[in-house]
Amino acid sequence: MTQEEVVHVAENPAAVNAVKEVKKSKGKKKGKGKPSPEEIARIRAEREAMREAKRQEMLERGVDPDCPPELQFIRRNMLKLHEEEPVEGLKIKIMSYNCLAQALIRRKLFPDSGEALKWYRRSRVLLNEFKHYDPDVLCLQEIDYIQYQSFWKEEFQKLGYSSQFHRKPSKNHGVCIIWKHEIFEMSDRMLIDFDSEKSGDIEPRTTTNNAALILALKFTQKVKMMGKKLLDDKSGILVGTTHLFWHPFGTYERTRQCYVVLNKMKEFMHRVNVLQNNNDGDMSHWYPFFCGDFNSQPFDSPYLSMTCKPIKYDSRAKTVIECSTSFKFSKKRESGEDAEDEEGGNIEKFGKDQPQTPVPEKFVANDEQTKLVSQMEELHNSLDMRAVSLYSVAYHKVHPENSGLDNERGEPEISNWAHTWRGLLDYMFMIRNWEFDDRTEIDTLEDFENSNNIKIRGLLRMPPGSEMSTHGQPHVGEYPSDHLCLLSEVELR
């Protein structure tokens, strides 16, 4: 009897009498003799079959039957590619996930989240997600420094992972890269603080306190001994992660930070080659990946500047980046006083000389603003590096209904589903040299895989907005963050 049924019986005299009659009836049946062993076995088998059927029904709905309801999350399927082809290299799973820093949570920004916001609960749901998807490498953003030291570091160690964390001291949260030490061992790292990084003649627009982290993860001897001869000339993977400037009017600065990402990856690729005594100038000794929250959509200049070479801003992208150059940031930001006033927090009050919306239908740039945008194009086009999004080149093969719904790059519709804003902000890139040829179109999957010696074996399904609840995330029984994780399974060949 459920708790609700017990209450109903207690409050209803007729129900009490009915229960008594049932008990009397059961007593009379018992008096007729005990059931046979065969009957007992049959009843037990039927009950077990019912339990198993219910369990399977829950599994099909993406619900873990062994997990308490308050710690449940929506489990998404890995959408497979190349299933008919034999595996010849090493398969690894890479995850990118903005986990929502506890330090940034304000109840007014998450009015529908209720108990799902509490750390003691969210931490267990996030941990359950990591265990379920079982990635080999995790790129995490918005990881609280306190929680990293007191919770995540130890929990991941228990699961067989090692980790590295980086943040600006002015922030309570940072980025983290975690890897299975059975497969990889760290040989080098690079810490990036965007405010101090050079970008040609373009200066940072404001203090952002954003950071990035890049690691060189060598294959362990165990992997080398697994008979993966195709990897004999490979050292391992380079993997980086970041969380770019959040501000609605920060498009110009985000675009600058994307240049820094590509430039630092180029620098790091050369550095690790030298450290590994690979002085042949061949960048193919490593598989270079970069994942994170870029706070940019596929039709915005930060994303386009990395993926479409040579870049030429037009239409919406040009309007938005030109508009962003007209915004004047508060001087308080330069002193770091509002370093945590971010991700949907307070924005400097609009003045009469400030733009009223970051995405105007029309914007007439003056000569200075036009020059700034032109300089940004030249900066990106001067760098012989580009990024290729794994979801962009392959997602249409496994989930065409949610590929390019609102963009021309084949990306899913959303990765962020908050109360105040919804859209795609998170990406998984492979970083490659650019030969200054025309790379404005999306790479075909075949060309991408052949030229990079990998196969994309699977991508985690991303739900379109039509499948999401009307309320924002996190939410009990759904997702533990306002972002949804990305996961790619790649075969390194």
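The values are calculated or read from the model by the stated rules, or taken from the named source; none is laboratory data. All figures in this text were calculated on a predicted structure; none of them were measured in a lab. Positions of Cβ are generated from backbone atoms using ideal geometry, with glycine treated the same way; all protein chains shown enter the neighbour counts. Remember, those area values only see protein heavy atoms, side chains included, never the ligands or the DNA or RNA. Shrake-Rupley method; radii C 1.70, N 1.55, O 1.52, S 1.80 Å.
Annotations
- Residue list for the stretch 437-473, restricted to those being surrounded by 14 or more Cβ atoms within 10 Å (Cβ to Cβ), assigned to a loop (DSSP other than H, G, I, E, B) and touching a strand residue (DSSP E or B) at 6+ places or on another chain (Cβ under 8 Å): 443, 453, 461, 462, 468, 472, 473
- Scanning the stretch 474-481 for residues that are in a helix (DSSP H, G or I), over 30 Å from residue 86 (Cβ atoms) and either open to solvent by 10 Å² or more (accessible area, probe 1.4 Å) or among the basic types (Lys, Arg) (or both) turns up nothing.
- Of all the numbered requirements in (1) open to solvent by 50 Å² or more (accessible area, probe 1.4 Å); (2) basic (Lys, Arg); (3) touching a residue at least 60 places away in the same chain (Cβ under 8 Å), residue 264 misses one, and that requirement is (1).
- Scanning the stretch 235-261 for residues being open to solvent by 10 Å² or more (accessible area, probe 1.4 Å), in contact with a strand residue (DSSP E or B) (Cβ under 7 Å, 6 or more places away or on another chain) and among the basic types (Lys, Arg) gives a total of 0.
- Residue within the stretch 402-413 that is within 22 Å of residue 254 (Cβ to Cβ), of a type in the set (Ser, Thr, Tyr), at pLDDT 95 or above and surrounded by fewer than 22 Cβ atoms within 10 Å (Cβ to Cβ) present: no
- Which listed residue is at pLDDT 95 or above, among the acidic types (Asp, Glu) and either more than 30 Å from residue 105 (Cβ to Cβ) or in contact with a strand residue (DSSP E or B) (Cβ under 9 Å, 6 or more places away or on another chain) (or both), from 353, 384: 384
- Taking the stretch 12-55 as the range and being under 30 Å from residue 78 (Cβ atoms), at pLDDT below 85 and not charged (D, E, K, R) as the test, no residue passes.
- Residue that is most open to solvent (accessible area, probe 1.4 Å), among those in the stretch 183-218 that are among the polar types (S, T, N, Q) and under 21 Å from residue 171 (Cα atoms): 196
- Qualifying residue in the stretch 80-93 (condition: buried (at least 17 other Cβ atoms within 10 Å of the Cβ), part of a strand (DSSP E or B), touching a residue at least 12 places away in the same chain (Cβ under 8 Å) and not charged (D, E, K, R)): yes
- Selected residue (criterion: nearest to residue 213 (Cα to Cα)) from residues of the stretch 122-154 that are open to solvent by 40 Å² or more (accessible area, probe 1.4 Å) and charged (D, E, K, R): 153
- Residue 434 vs. criteria of a type in the set (Phe, Trp, Tyr), surrounded by fewer than 20 Cβ atoms within 10 Å (Cβ to Cβ) and closer than 25 Å to residue 138 by Cβ: no
- Figure legend. Inter-residue proximity from the stretch 149-169: first residues assigned to a loop (DSSP other than H, G, I, E, B), second residues of a type in the set (Lys, Arg) and open to solvent by 40 Å² or more (accessible area, probe 1.4 Å), beta-carbon distance below 9 Å, spacing 6+ or different chains. Indicated pairs: 159/131.
- Selection count where residues are touching a helix residue (DSSP H, G or I) at 6+ places or on another chain (Cβ under 8 Å) and either open to solvent by less than 30 Å² (accessible area, probe 1.4 Å) or within 14 Å of residue 397 (Cβ to Cβ) (or both), scope the stretch 482-493: 6
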